[in-house]
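Asker: Below is one structure. I have some questions about it.
Each value in this text was obtained by applying a stated rule to the coordinates, not by laboratory testing. The shown structure was predicted, so the numbers you read here are calculated from the model rather than taken from an experiment. With ideal geometry, Cβ positions are generated from the backbone for all residues, glycine too; neighbour counts draw on all protein chains shown.
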Amino acid sequence: MTVHVAGAGLAGLAAALTAARAGHQVVVHEAAGLAGGRCRSFFDPTLGRVIDNGTHVVLGANRAALGFLGAMGGGEAMVPAASRDLPFVDLASGATWSVDVAGRGISTLMKAAPGATALAGLAVAGITGLMAPGLTVAAAYGHLGALYERLIVPLSTAVINCPPSAAPASLLARVIAKLGRGGRGALRPFVAGTNLAEAFVGPALGAIEALGGEVRFHDPLAAIETAGQVARAAIFRSGRAPLGPGDALVLALPPWALAGLLPRGEKGPPSHRARAIVCTHFAVEGVPGMRQAARLTGCINGTAQWFAVTDGVLSVTVSAADRWMTHGADDIAARLWRDASTAFHLPGAPLPPYRVIKERRATASVPGGFGPRGEIAKLFYAGGWTSARYPDTIEAAVSSGIRAARCLGSAN
């Protein structure tokens with residue numbers, strides 16, 4: 001059985017590795033010249049080092065992502081961002097506090113902000129079944145005061161990549177319920193110690209190739225041939241790949257990349273709006289005050305939302321960043337450096353060397369509830385956007401790839 005995987009993002013890599021470990025012959029086809037998709041690493045000449053396209057965080061409750069890292073040998077490259085206390089700062093008032101990420105779900109949430117009571121903590125957990133359709137995070141949790149401002153807003157914005165005024169409350173409720181079930185350390189964040197290529201991408205590619213798989217770059221999917229309700233071949237830039245008995249095609253592509261590719265008879269994914277993330281990397285080696293900074297720091301009441309310090313680079317993240325797509329890089333960098341200067345008491349000038357990365361299509365806005373099997377036989381889907389229950393995250397992407405690969409026995 002040959003499994004062709006279109007797309008070498010984390011969903012595609014997870015699908016390919018799972019299929020290869022099950023004994024299938026695997027060929028991964030990637031349109032770009034490098035793997036990783038929305039979690040990629042590259043050399044930046046301005047900073048003089050390899051950087052990630054953004055700061056990607058895995059939580060202790062993300063069992064699929066952490067298990068995937070362990071299975072391919074990349075676990076040591078993701079390091080805890082906080083041993084116990086994750087610091088936060090209010091950029092408007094200067095107030096600071098921390099979240100106990102080593103504790104257990106609900107008890108951790110209850111301690112997240114001054115004045116948060118046991119009742120408030122339990123209310124945060126919510127019950128998904130009670131979340132009315134259309135109810136937003138702001139409407140469901142806004143009454144929680146300091147707990148809402150200091151934990152719910154940063155968590156929701158980061159995980160759902162959507163302002164609380166528009167983010168579905170049911171999504172956040174499921175995430176928090178998962179954190180509550182995750183036991184001690186479920187909220188502990190892990191970040192790449194060096195870069196994502198060393199954590200996820202390199203180990204995955206190495207493991208796939210060690211199992212006899214093949215990875216082809218600059219090889220986009222151009223078309224899918226069908227006969228009736230069965231896919232008969234996938235047309236890639238490198239040529240036609242027949243789909244014989246037992247073969248399968250896993251489409252590990254974002255929903256907007258599937259437009260025009262799906263054959264007649266395949267219903268296709270629901271309409272998705274892409275949401276943006278901006279990440280700006282500053283070279284801060286030798287900048288006073290940065291040596292003592294925590295690996296990850298959250299903030300409120302600024303343009304910035306998260307600061308991550310890795311190997312002499314300060315990475316500043318802005319989620320739900322659609323409105324920043326029209327701003328120039330210099331403007332964005334200046335705003336975010338002012339936030340960093342406030343948070344870490346740094347000199348406001350001169351601005352250090354930087355690289356601004358705008359991911360216009362960082363995530364899909366609403367989960368799709370689509371796949372893993374298609375209407376056409378031999379077609380399968382993977383991607384964080386396919387989940388009906390959780391946001392489009394690393395955990396959702398890896399889970400979807402594993403799920404798709406486990407369904408391959410029904411390819412015919």
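Asker: State whether the range 15-57 is rounded, prolate or oblate according to the following rule on the C-alpha gyration tensor (a ≥ b ≥ c being the square roots of its eigenvalues): a/c under 1.5 gives rounded; otherwise a/b larger than b/c gives prolate, and the remaining case gives oblate.
Answerer: Verdict is prolate for the range 15-57.
Asker: Then there's this: Quickly estimate the mean residue ellipticity at 222 nm for the chain, helices only: each DSSP H run with n ≥ 4 gives -39500 (n - 2.57), and the total goes over all residues, rounded to 500.
Answerer: Roughly -7000 deg cm²/dmol at 222 nm, from the helical runs in the chain.
Asker: Among His29, His218, His281, which one shows the biggest mean-square fluctuation in a GNM of the chain, springs joining Cα atoms closer than 10 Å?
Answerer: His218
Asker: Assigning unit charges at the beta carbon (Lys, Arg +1; Asp, Glu -1) and nothing else, what dipole magnitude in debye, to the nearest 20, does the range 274-407 show about its Cα centre?
Answerer: Value, rounded to 20: 420 debye.
Asker: For the ranges 223-233, 337-347, 374-384, what's the packing order if you count other beta-carbon atoms within 10 Å of each residue, average per peptide, and put the highest first?
Answerer: Taking the mean over residues of other Cβ atoms within 10 Å, the ranking is 374-384, 337-347, 223-233.
Asker: How do Asp392, Asp311, Asp44 rank when sorted from fewest to most other Cβ atoms within 10 Å of their own Cβ?
Answerer: Going from sparsest to densest Cβ surroundings: Asp311, Asp44, Asp392.
Asker: What is the order of Trp324, Trp306, fewest Cβ neighbours within 10 Å to most?
Answerer: Trp324, Trp306
Asker: Extension gain Asn301-Gln229, at 0.36 nm per residue separation less the Cα-Cα distance, in nm?
Answerer: Length difference between fully extended and current span is 20.6 nm.
Asker: Next up: How do Met290, Met325 line up, fewest other C-beta atoms within 10 Å first?
Answerer: Taking fewest neighbouring Cβ atoms as first place, the list is Met325, Met290.
Asker: Could you compute the net charge surrounding His281? Neighbours are other residues with a C-beta less than 11 Å from the C-beta of His281; K and R count +1, D and E count -1.
Answerer: -1
Asker: Now for a separate question. Using unit Cβ charges (K, R positive; D, E negative) and no other charged atoms, how large, in debye to the nearest 20, is the dipole of the chain about its Cα centre?
Answerer: Result for the chain is approximately 820 debye, rounded to the nearest 20.
Asker: Something else about it: Taking the Cα centre as origin and putting +1 on Lys and Arg beta-carbons and -1 on Asp and Glu beta-carbons, what dipole magnitude results for the range 158-278, to the nearest 20 debye?
Answerer: The calculation lands at about 600 debye.
Asker: In a shell of Cβ-Cβ distance under 15 Å around Ser399, excluding Ser399 itself, what net charge do Lys and Arg (+1) and Asp and Glu (-1) give?
Answerer: Net charge around Ser399: +4.
Asker: Here's a follow-up. Near Val250, within a Cβ-to-Cβ distance under 12 Å, what is the net charge of the other residues, with Lys and Arg +1 and Asp and Glu -1?
Answerer: Value of the local net charge: +3.
Asker: If you take the charge dipole of the range 135-291 about its Cα centre, with +1 on Lys and Arg Cβ and -1 on Asp and Glu Cβ, which of Ala222, Gly142, Ala186 is farthest toward its positive end?
Answerer: Gly142
Asker: Let me ask something else about it. Subtract the Cα-Cα distance of Ala349 and Trp256 from 0.36 nm times their separation in residues, and report this length gain in nm to one decimal.
Answerer: 29.4 nm
Asker: Put +1 on the Cβ of each Lys and Arg and -1 on the Cβ of each Asp and Glu in the chain; which of Gly37, Val26, Pro288 then has its Cα farthest toward the positive end of the dipole?
Answerer: Farthest towards the positive end: Val26.
Asker: Amide H to amide H, which residues 5 or more places from Thr226 or on other chains are under 5 Å from it, using H placed in the peptide plane?
Answerer: Residues meeting the amide H criterion: Arg232.
Asker: Moving to a separate point now. Hey, if you put +1 on the Cβ of every Lys and Arg and -1 on every Asp and Glu Cβ in the chain, which of Gly239, Gly401, Trp337 ends up farthest toward the positive end of that dipole?
Answerer: Towards the positive end, the residue furthest out is Gly401.
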